[in-house]
Amino acid sequence: MRRRQFLRQGVGFGVGATLWPLGGRAAAQPRRGGTFRIPIISDPPHFDFQLTQAYTIQYIYALVGNRLVKIDKGPHIHPFEYKVVPDLAQSWEQPDDRTYVFHLRKGVRWQHLAPVHGREFVADDVKFTIERYLNPETGASMRWLYKDIATIETPDKYTVRFRLKEPSASFLLHLAWHYSWMMAREVIEAHGNARKVAVGTGPYILESYDRNVRAVFKRNPDYFEANRPSIDTVEWLFIMDDAARVAAFRTAQIDIWNSVRKLDFDLLQRTTKAQYERVMDSNWGGPIVRVTKPPFNDARVRRALSLALDREAMVKVLLRGDGLINNPVPVGFQTSALPRAEAEALVKRDVREARRLLAEAGHASGFKASLITTKRYGDLYIDAVQMAVQHCKDVGIELDVKVTDYATFVKAKTETKDFELIWGSYTRYPDPGDLLEGHYVTGGGRNESGISDPKLDAMILEQKRTLDTQKRTQLIQKINRYLAQEVNAIIPTFAHYNYFAWQNYLREYRPHMDYGWPITTMWTEKR
Amino acid sequence: MREYVLKRIILVVPILFLVSVMVFSIVRLIPGDVVVMMFAETGNATPERLALFRRQLGLDRPALEQYAVWMGRAVQGDLGDSMWTGRPALEEILKRFPVSGELALLAMVLACVLALPLGVLAAARQDSAIDYAVRLVSVGMLSIPSFWIGTMVVTFLAIWFQWIPPIGYVSPLDDPWRNVQQLMLPALAIGARASAAIMRMTRSQTLEILRQNYVRTAWAKGLRERVVVLKHALKNAMIPVITIMGNQFGYLLGGTVVMEIIFSLPGVGRLTLDSIIQRDYTQLQGIILFVATISLLVNLLVDLTYAWFDPRIRYQ
């Protein structure tokens, strides 16, 4: 090597060695600025989150709003970990098992928008929000989240005390859940509702909303967390078509994509450099059985129906092996799920036993039943129905399938309850107790099967009141076994993964099953 | 002519009345309503809660009363409020219609630019290689669904060029270049199919006219081919072609929902689809009435152009 070459390389190495730590540190530091672009499929009908359950409204308030407490999100948090952390409340305590006292942050301000005009957020806002939820005149269908509240007291401007009717293991989670945004009294007093106004205390202010085109949110300069958020603008882009979303992600016109189809997920992983993750979902689908209609009023018939289904084949064929056999309490609730082997054995196909039960119930030669479904949830569930038809035929149950449009499906399921079997996909819950209370308790808000089992009611109430996590898990597992062996009001099928994709230039980001993003801590390198 | 136009405009009224009765009745025959859809994902639809929302929306009133209230407002230009969003139905339609209108117009212009010359050429060169090629292309374009073309375009542009039309519709008045980028491809995809029908009609009509005696006379007089075909034959062949174009345009105004979805365009097609899914009666009724009015006016315009192409036509 010549002297000049040696010197050149030595200088280069020295410069690099000097600069490298700086470059490494610079890359790790959050940078202010940039735009975060999110694909959205549909508009919320309006902005009043207490009057609509459209999921897109949760995305609005994940940017403009806050809750008393929130679900933690970020690269260090598993997408299915529901860890409750402070939000508008900086701390809380639980003096007894029915009382929660929250201490609010001081100096938090509503956004400088009419009709609130930047007023300070106080305890009365919490009381107002929850009371509006609970008021029957409001007609909020999510009021069941707060039905355990007996009283709400505001001893001073920054303290809120909840007294519950009975202990509730999921109360804190309900306050952290995405429906629990805070509502300003002035909005309701001025307009009667919040349909046209989206104002909160959150990190972003809704600057413009062009229905079905674009929504733009700008950084709130008065946000209560200093120097947060880092990203200046959040933009929603309405993209309904799957192929268009794939193309938009490939060309970096969108920065994240939640609920990617498996087909597209596999394709993108092969062709596009980005970050990917798959998370077992607690979303669940399968037939709801109307237990008041013969022959399904006989538990043996329902058990036979469950035993007829070949879930292993469904996972293999429909999910290409990338999924799990589900249980009545979805296996996506990983902390309360049964061990895998037991979970699978609980719902393992057994044609002989199914036939025996049917014969015992007086249906030795089988019977016919109608099944309603809809294409709304995608081809996966239509294909599952077709497989189920074949499986049921093997035990003598002939299913007459009616594929209806979504509104007809919803009417039959939710209002008239005029069905024998109805098959769709159902919303995920943060806590298994909510699923059990909603779908299985006598008179529960989502008890579409019509099940009324005092023993089951008692078990569900017991798990709700049990605050010890380990004991509660055992109770939920016991309920799971009981549901699979004795009840079968909702027949479990398979559990699929939820697939996420996000661009490499997004930092401090990891998706989460709760609506929203770690929006105050994430940042983007893209300019 | 004036009397004819006036008579046609007056005829619009009973036609729209019939359309309003039909759409009002048919949409209410389908199971489910907007209130049930509001509770679709979360249940908890108690009879009291359903009744409360139905009362608020006037859905508990007799059907005849609902129709009378809605029509009473409609004749004054107020199409009511969307039951889903609470916003004025007409406001949403007026926002979306220019998008669909622009897409339909662009598609028709592209279709005509492609179809008319090729149709005439194929007729003038009957049974030649050009004629066979044109016929093959037109059959191909009729057979291939436009949504497939749209999906392929979006997908392969992203793969080959790392580019897709910008997302987030902008009006041509705000950013003409971005608007062109957004609409050109869907217009081409839709226009290709529309051009096939026009191309075939142009060819067959031109062929028929070229066989007429007066055209033979023109040839005998020694006129150039361009004069014979374009000046004498084409103009007389245009009346059925104009009719087809009018029908196509009317169809495109309300029938581009798939393209609107693929290319993320907020048009009337998507609004119609959403309104049907949501059972948003008011919005749906408003859209149908609006599009029917526009279609009737387009048809009137088409009829009036006949006289320009054939001066023998008189309106009485």
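Any idea which of (1) surrounded by 14 or more Cβ atoms within 10 Å (Cβ to Cβ); (2) within 30 Å of A:Thr473 (Cβ to Cβ); (3) free of Cβ contacts under 8 Å to residues at least 40 places away in the same chain is the one A:Ala345 doesn't satisfy?
Among (1) surrounded by 14 or more Cβ atoms within 10 Å (Cβ to Cβ); (2) within 30 Å of A:Thr473 (Cβ to Cβ); (3) free of Cβ contacts under 8 Å to residues at least 40 places away in the same chain, A:Ala345 violates only (1).
Has region A:403-411 got any residue that is over 19 Å from A:Asn326 (Cβ atoms) and more than 11 Å from chain B (Cβ to nearest Cβ)?
Taking region A:403-411 as the starting set, the residues that turn out to be over 19 Å from A:Asn326 (Cβ atoms) are A:403-411.
Imposing the further condition that a residue be more than 11 Å from chain B (Cβ to nearest Cβ) reduces the set to A:403.
Within region A:403-411 (the criterion being over 19 Å from A:Asn326 (Cβ atoms) and more than 11 Å from chain B (Cβ to nearest Cβ)), the answer is yes, since at least one residue qualifies.
Pull up region A:143-164, narrow it to residues that are more than 14 Å from chain B (Cβ to nearest Cβ), of a type in the set (A, V, I, L, M) and within 18 Å of A:Arg132 (Cβ to Cβ), then point me to the one that is surrounded by the fewest Cβ atoms within 10 Å (Cβ to Cβ). Break it down stepwise before answering.
Here is the first cut: in region A:143-164, the ones more than 14 Å from chain B (Cβ to nearest Cβ) are A:148-164.
Narrowing the set further to residues that are of a type in the set (A, V, I, L, M) leaves A:149-150, A:152, A:160, A:164.
In the following step, the residues that additionally are within 18 Å of A:Arg132 (Cβ to Cβ) were identified as A:149-150, A:152, A:160.
Values: A:Ile149: 19, A:Ala150: 11, A:Ile152: 19, A:Val160: 25.
Among those residues, the one meeting the criterion is A:Ala150.
Can you pull out the residues in region A:224-258 that are more than 18 Å from A:Gly516 (Cβ to Cβ), in a strand (DSSP E or B) and away from chain B (no Cβ under 13 Å)?
None; the set is empty.
Is it the case that some residue within region B:162-176 is of a type in the set (Phe, Trp, Tyr) and either within 19 Å of the chain's Cα centre (by Cα) or within 14 Å of chain A (Cβ to nearest Cβ) (or both)? Break it down into steps so the answer makes sense when it comes.
Step one: list which residues in region B:162-176 are of a type in the set (Phe, Trp, Tyr), which gives B:163, B:169.
Okay, now just the ones that are also either within 19 Å of the chain's Cα centre (by Cα) or within 14 Å of chain A (Cβ to nearest Cβ) (or both), so B:163, B:169.
The answer is yes, given that some residue of region B:162-176 is of a type in the set (Phe, Trp, Tyr) and either within 19 Å of the chain's Cα centre (by Cα) or within 14 Å of chain A (Cβ to nearest Cβ) (or both).
Of (1) in contact with a strand residue (DSSP E or B) (Cβ under 6 Å, 6 or more places away or on another chain); (2) part of a helix (DSSP H, G or I), B:Gly168 satisfies all except one. Which?
(2)
Taking region A:113-149 as the region of interest, how many residues are over 27 Å from the mean Cα position of the chain (by Cα) and part of a strand (DSSP E or B)?
The total comes to 1.
Restricting the search to region B:208-237, which residues are part of a helix (DSSP H, G or I) and free of Cβ contacts under 8 Å to residues at least 12 places away in the same chain?
Of region B:208-237, the ones part of a helix (DSSP H, G or I) are B:208-210, B:213-220, B:225-237.
Result: B:Asn213, B:Arg216, B:Thr217, B:Trp219, B:Ala220, B:Arg226, B:Val227, B:Lys231.
Out of everything in region A:36-63 that is in a strand (DSSP E or B) and within 12 Å of chain B (Cβ to nearest Cβ), what residue ends up being farthest from A:Asp242 (Cα to Cα)? Break it down into steps so the answer makes sense when it comes.
First, pick out the residues of region A:36-63 that are in a strand (DSSP E or B): A:36-40.
Cutting the leftovers down to within 12 Å of chain B (Cβ to nearest Cβ) gives us A:37-40.
Numbers: A:Arg37: 17, A:Ile38: 14, A:Pro39: 11, A:Ile40: 11 Å.
The qualifying residue farthest from A:Asp242 (Cα to Cα) is A:Arg37.
When region B:277-316 is examined, which residues are found to be assigned to a helix (DSSP H, G or I) and either touching an Asp or Glu at 6+ places or on another chain (Cβ under 8 Å) or of a type in the set (Gly, Ala, Ser) (or both)?
Taking region B:277-316 and keeping what is assigned to a helix (DSSP H, G or I), we get B:277-278, B:281-309.
Correct list: B:Ile277, B:Tyr281, B:Thr282, B:Gln283, B:Gly286, B:Ala292, B:Ser295, B:Ala307.
With respect to the numbered conditions (1) assigned to a loop (DSSP other than H, G, I, E, B); (2) touching a helix residue (DSSP H, G or I) at 6+ places or on another chain (Cβ under 8 Å), which one is the sole condition not fulfilled by A:Arg303?
It fails just one condition, (1).
Residues that are of a type in the set (Lys, Arg) and in contact with a Ser or Thr (Cβ under 6 Å, 6 or more places away or on another chain): does region A:129-140 have at least one? Lay out the reasoning, then the answer.
Step one: filter region A:129-140 for residues of a type in the set (Lys, Arg), giving A:132.
Adding the requirement that they be in contact with a Ser or Thr (Cβ under 6 Å, 6 or more places away or on another chain) leaves A:132.
Looking for residues that are of a type in the set (Lys, Arg) and in contact with a Ser or Thr (Cβ under 6 Å, 6 or more places away or on another chain), one finds at least one in region A:129-140, hence yes.
Filter region B:42-63 for residues that are at the interface with chain A (Cβ under 7 Å from one of its Cβ atoms) and either part of a helix (DSSP H, G or I) or farther than 19 Å from B:Gln278 by Cβ (or both) and give the result. Spell out the reasoning first.
Restricting attention to region B:42-63, the residues satisfying the condition of being at the interface with chain A (Cβ under 7 Å from one of its Cβ atoms) are B:42-45, B:49-50, B:52-53.
Within region B:42-63, B:Arg49, B:Leu50, B:Leu52, B:Phe53 qualify.
Step by step: first the residues of region B:6-41, then only those that are part of a helix (DSSP H, G or I) and within 8 Å of another protein chain (Cβ to nearest Cβ), then the one that is surrounded by the fewest Cβ atoms within 10 Å (Cβ to Cβ). Which residue is that?
Restricting attention to region B:6-41, the residues satisfying the condition of being part of a helix (DSSP H, G or I) are B:6-29, B:34-38.
In the following step, the residues that additionally are within 8 Å of another protein chain (Cβ to nearest Cβ) were identified as B:36-38.
Values: B:Val36: 24, B:Met37: 21, B:Met38: 27.
Looking at the filtered set, the residue picked out is B:Met37.
Is there any pair linking a residue in region B:291-316 that is at pLDDT below 85 to one that is part of a helix (DSSP H, G or I) and hydroxyl-bearing (Ser, Thr, Tyr), with Cβ under 6 Å and at least six apart or on different chains, and which?
So the pair list comes out as B:Ile313/B:Tyr306; B:Tyr315/B:Tyr4.
Could we say that A:Asn327 is in contact with a strand residue (DSSP E or B) (Cβ under 9 Å, 6 or more places away or on another chain) and part of a loop (DSSP other than H, G, I, E, B) here? Step through it out loud before you land on a result.
Values: in contact with a strand residue (DSSP E or B) (Cβ under 9 Å, 6 or more places away or on another chain): yes; part of a loop (DSSP other than H, G, I, E, B): yes.
Spelling it out, A:Asn327 is indeed in contact with a strand residue (DSSP E or B) (Cβ under 9 Å, 6 or more places away or on another chain) and part of a loop (DSSP other than H, G, I, E, B).
Need pairs with beta-carbon distance below 8 Å; first residue under 15 Å from A:Arg261 (Cα atoms) and touching a residue at least 12 places away in the same chain (Cβ under 8 Å) and within region A:273-284, second in a loop (DSSP other than H, G, I, E, B) and among the hydroxyl-bearing types (Ser, Thr, Tyr); sequence gap 6+ or separate chains.
A:Asn283/A:Thr427
Restricting attention to region A:259-288, and to residues there that are within 14 Å of chain B (Cβ to nearest Cβ) and assigned to a strand (DSSP E or B), which single residue is nearest to A:Asp418 (Cα to Cα)?
That would be A:Ile288.
Looking at (1) within 14 Å of chain A (Cβ to nearest Cβ); (2) closer than 30 Å to A:Asp418 by Cβ; (3) modelled with pLDDT of 90 or more, which is the only condition B:Asp81 fails?
The number of the failed condition is (2).
For B:Val258, state whether it is surrounded by 16 or more Cβ atoms within 10 Å (Cβ to Cβ), within 14 Å of chain A (Cβ to nearest Cβ), within 30 Å of B:Pro145 (Cβ to Cβ) and in contact with a helix residue (DSSP H, G or I) (Cβ under 8 Å, 6 or more places away or on another chain).
Values: surrounded by 16 or more Cβ atoms within 10 Å (Cβ to Cβ): yes; within 14 Å of chain A (Cβ to nearest Cβ): yes; within 30 Å of B:Pro145 (Cβ to Cβ): yes; in contact with a helix residue (DSSP H, G or I) (Cβ under 8 Å, 6 or more places away or on another chain): yes.
When the stated conditions are applied, B:Val258 passes them.
The values are calculated or read from the model by the stated rules, or taken from the named source; none is laboratory data. As the structure is a computational prediction, the values presented were derived from the model and not from experiment. Here Cβ is always computed from backbone atoms with ideal geometry, including for glycine, and neighbour counts include all displayed protein chains.
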